[in-house]
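Can you keep this structure in mind? I'll have questions shortly.
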Amino acid sequence: MDAPPLGGKQNIYDYIAERRCGVERYRVKPGVQVKLAEWDPSDYSEFDEGKKKGKAKLDELTDQLEELQELLYAEGKHKLLVVLQGTDTAGKDGVIRHVFDGVNPQGVKVASFKVPTPQELSRDYLWRIHQHTPARGEIVIFNRSHYEDVLVVRVHELVPQEVWSRRYEHINAFEKMLADEGVTILKFFLHIDMDEQKERLQARLDDPTKHWKFSTGDLAERKRWDECVAAYEEMLSRTSTDYAPWYVVPSNRKWYRNLVISTTIIQALEDLEMDFPPAEEGLDEVVIE
Ligand code: ADP
């Protein structure tokens, strides 16, 4: 799994090829019991050249992602679903902003899942989710997702245990159906620790332009940290599958988090071996007057 150190002159294709094994270390193997204490949220072992070079590398990766997304859109065959989960301040919004920076907005949609409306609550919990799954040629990013129904719903006891505990099975079956219908699914759990969250919450308090992001509700959530960890661990252990894997992304360092996610998405898109659709016949004889 040891990759050679990165030289500044190394091109992006070599980088992806080398990291192919590297980021795999963050994938949760199906059936493994995840203990988050064993996953270092400050890890940056797949890119040891620091923040500045890491950010420069991300710029190259976003160019690459832009090209692959255009191919996905042009070919119109495949669908990609990216699921983002993580505690408050873990960086879901930051990933969307930085990893997808420069990607054509026509081919990428973001679906953010908030507290369900009465209309949504009166249906099954996957109803509102299914409507946002990607069409051919599309990338859809879920900012929170159906996993809230085994996370916040569990921690806040919004439904009885017998109800939420059945949902892991439903979710696996739902995702299997999506995968069978041609959706590539990548799920990222943004892993930060309590100290890092404290700093990020404090930064929001200290900066008036970030006050809008601060909710005292986040502090109540923080008090339930251990219960949240238990819910995350069960989610990761029971719903990481070959067809819809979870990645536990070390996210204390934002730049590293972005690199890991970008690399993982690019390699999944490359694995689709896409091609531009064939051109109309006779194009070489066309003269534009
Ligand atoms: P975000 O924190 O994602 O930027 P908000 O501050 O509006 O956005 O938070 C959305 C809230 O909606 C979160 O507290 C989340 O737990 C909650 N939520 C999402 N899905 C559900 C659900 N199915 N049931 C209950 N609450 C949910």
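Could you tell me which residue of region 89-117 is farthest from the ligand (Cβ to nearest atom), considering only residues that are at positive phi and buried (at least 19 other Cβ atoms within 10 Å of the Cβ)? Spell out how you get there, then give the answer.
Looking only at region 89-117, we keep the residues that are at positive phi, and these are 89, 91, 102.
Keeping just the survivors that are buried (at least 19 other Cβ atoms within 10 Å of the Cβ) gives 89, 91.
Numbers: Thr89: 9, Gly91: 11 Å.
Only one residue tops the list, namely Gly91.
So, Gly86, is that one closer than 27 Å to Asn172 by Cα, of a type outside the set (Lys, Arg), touching a residue at least 60 places away in the same chain (Cβ under 8 Å) and surrounded by 15 or more Cβ atoms within 10 Å (Cβ to Cβ) or not?
Yes: the conditions hold for Gly86.
Can you tell me which residue within region 142-161, out of those that are away from the ligand (no atom under 11 Å from the Cβ) and assigned to a loop (DSSP other than H, G, I, E, B), is farthest from Arg222 (Cα to Cα)?
The residue in question is Pro160.
I've got another one for you. Yes or no: Trp255 aromatic (Phe, Trp, Tyr), more than 25 Å from Tyr13 (Cβ to Cβ) and at pLDDT 95 or above?
no
While we're on this one: Which condition number in (1) more than 20 Å from Thr241 (Cβ to Cβ); (2) at pLDDT 95 or above; (3) within 16 Å of the ligand (Cβ to nearest atom); (4) of a type outside the set (Asp, Glu) is the one that Trp164 fails?
(1)
Something else now. Just give me the residues in region 17-38 being surrounded by fewer than 17 Cβ atoms within 10 Å (Cβ to Cβ) and in a loop (DSSP other than H, G, I, E, B), in sequence order.
Result: Lys29, Pro30, Gly31, Val32, Gln33, Lys35.
Only residues in region 275-286 that are under 24 Å from Leu68 (Cβ atoms) count as the first member; pair them with residues that are among the aliphatic types (A, V, I, L, M), Cβ under 8 angstrom, at least 6 apart or cross-chain, and list the lot.
Taking only residues 6 or more apart or on different chains, the pairs are Asp275/Leu71; Phe276/Leu71; Phe276/Ala74; Pro277/Ala74.
Cβ-Cβ under 8 Å, sequence separation 6+ or interchain: first residue in region 91-117 and at pLDDT 95 or above, partner assigned to a loop (DSSP other than H, G, I, E, B) and within 11 Å of the ligand (Cβ to nearest atom). Which pairs?
Qualifying pairs under 8 Å: Lys92/Arg144; Ser112/Arg144; Phe113/Arg144; Phe113/Ser145; Lys114/Arg144; Pro116/Tyr125.
Mind checking which residues of region 134-146 are of a type in the set (Val, Ile, Thr) and buried (at least 20 other Cβ atoms within 10 Å of the Cβ)?
Hits for region 134-146 are Ile139, Ile141.
Taking Gly22 as the residue in question, decide whether it is at pLDDT 90 or above and over 21 Å from Ile96 (Cα atoms).
no
Let me confirm something: among Leu80, Leu71, which residue is away from the ligand (no atom under 16 Å from the Cβ), assigned to a helix (DSSP H, G or I) and surrounded by 14 or more Cβ atoms within 10 Å (Cβ to Cβ)?
Leu71
Give me the pairs, please: first residue somewhere in region 190-214 and surrounded by fewer than 16 Cβ atoms within 10 Å (Cβ to Cβ), second residue anywhere and of a type in the set (Gly, Ala, Ser), beta-carbon distance under 8 Å, and either six or more positions apart or on two chains.
Lys210/Ala203
Right, here's the next one. Could you please find all residues in region 234-289 being loosely packed, with under 10 Cβ neighbours inside 10 Å, aliphatic (A, V, I, L, M) and either in contact with a Cys (Cβ under 6 Å, 6 or more places away or on another chain) or not in a loop (DSSP other than H, G, I, E, B) (or both)?
Within region 234-289, Leu283 is the sole residue that qualifies.
Against the condition under 25 Å from Val150 (Cα atoms), among the basic types (Lys, Arg), within 16 Å of the ligand (Cβ to nearest atom) and part of a helix (DSSP H, G or I), how does Arg204 come out, does it pass?
So Arg204 does not fit the description; no.
The values are calculated or read from the model by the stated rules, or taken from the named source; none is laboratory data. Since the model is a prediction, treat every value here as computed from it, not as a measurement. Counting neighbours? That spans all protein chains shown, and the Cβs are built from the backbone with ideal geometry, glycine included.
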